[in-house]
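The values are calculated or read from the model by the stated rules, or taken from the named source; none is laboratory data. Bear in mind the structure is a predicted one, so any value in this text is a computation, not a measurement. Positions of Cβ are backbone-derived with ideal geometry, glycine not excepted, and every protein chain shown enters the neighbour counts. Areas reflect the complete protein model, heavy atoms only, side chains present, ligands, DNA and RNA absent. Shrake-Rupley method; radii C 1.70, N 1.55, O 1.52, S 1.80 Å.
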Amino acid sequence: MEPSEFKDFYEILEISPNANSDTIDRVFRYLAQRYHPDNQATGDHYRFAGIVKAHEVLRNPEKRAQFDIEYKKNRARCLPSSEASQKPRTPYEDNMMQESLLLLLYVKRRCDMNNPGLGNLELERLSGCPREHLEFHLWYLKEKGWITRLENGLLSISVSGVDQSNQTARRTQSAKLLTAQFDYAH
């Protein structure tokens, strides 16, 4: 299975890879009811199909064992080495990670207003930031009011977060223009 084809069933069900079968069933029932196509308010055929497939695989011990092998291979490709994740971060690196998380959530909301959230596992995978560091950044962004947790438990950028992201983009663009002018003058 190619990395681009890999579907993280744990992320789809918004559960830990350590979840037991009772948790898998309980979360499946909740999400299936919420996203069932017959649900007028929150129905989503594609999301429902993904939830059913994830449950089918994770509920079956043999299929889950095979999936776990692919899951570990995929995570090894996407996450930085444990050496890199253990080194202390500087405030500058923290700032860059927080801007990256805001950008990921900005793009998600911009591209899909009906489903604007990302789960912790997906943010961890997309950002390359290990869970133990991601928690700090998410705490900070929530405390600043730049992200919020949606009813379905996913994280999404807030209006303040969009403003912050736009302000950061303007500063970056201004810095690039100044640098280009300086290079041109010399």
Pairing a residue in segment 118-141 that is more than 18 Å from Gly153 (Cα to Cα) and surrounded by fewer than 17 Cβ atoms within 10 Å (Cβ to Cβ) with any residue that is among the polar types (S, T, N, Q) and at pLDDT below 80, where Cβ atoms lie under 6 Å and the two sit 6 or more apart in sequence or on different chains, gives Pro130/Ser85
Residues of segment 20-30 being free of Cβ contacts under 8 Å to residues at least 24 places away in the same chain, open to solvent by less than 100 Å² (accessible area, probe 1.4 Å) and not β-branched (Val, Ile, Thr), in sequence order, are Asn20
The residue that is nearest to Asn95 (Cα to Cα), considering only those in segment 154-164 that are part of a helix (DSSP H, G or I) and open to solvent by 20 Å² or more (accessible area, probe 1.4 Å), is Gln164
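Could we say that Glu151 is assigned to a helix (DSSP H, G or I) and either open to solvent by 30 Å² or more (accessible area, probe 1.4 Å) or of a type in the set (S, T, N, Q) (or both) here?
Details: assigned to a helix (DSSP H, G or I): no; either open to solvent by 30 Å² or more (accessible area, probe 1.4 Å) or of a type in the set (S, T, N, Q) (or both): yes.
Against the criterion (assigned to a helix (DSSP H, G or I) and either open to solvent by 30 Å² or more (accessible area, probe 1.4 Å) or of a type in the set (S, T, N, Q) (or both)), Glu151 does not qualify.
Select, from Ser100, Ser82, the only residue that is at pLDDT below 90 and open to solvent by less than 60 Å² (accessible area, probe 1.4 Å). Steps first, answer last, please.
Values: Ser82 fails: open to solvent by less than 60 Å² (accessible area, probe 1.4 Å).
Unique residue meeting the criteria: Ser100.
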Selection from segment 39-77 of residues in a loop (DSSP other than H, G, I, E, B) and more than 22 Å from Leu154 (Cβ to Cβ) yields Asn60
Given (1) modelled with pLDDT under 85; (2) exposed (fewer than 13 other Cβ atoms within 10 Å of the Cβ), Ala41 misses just (1)
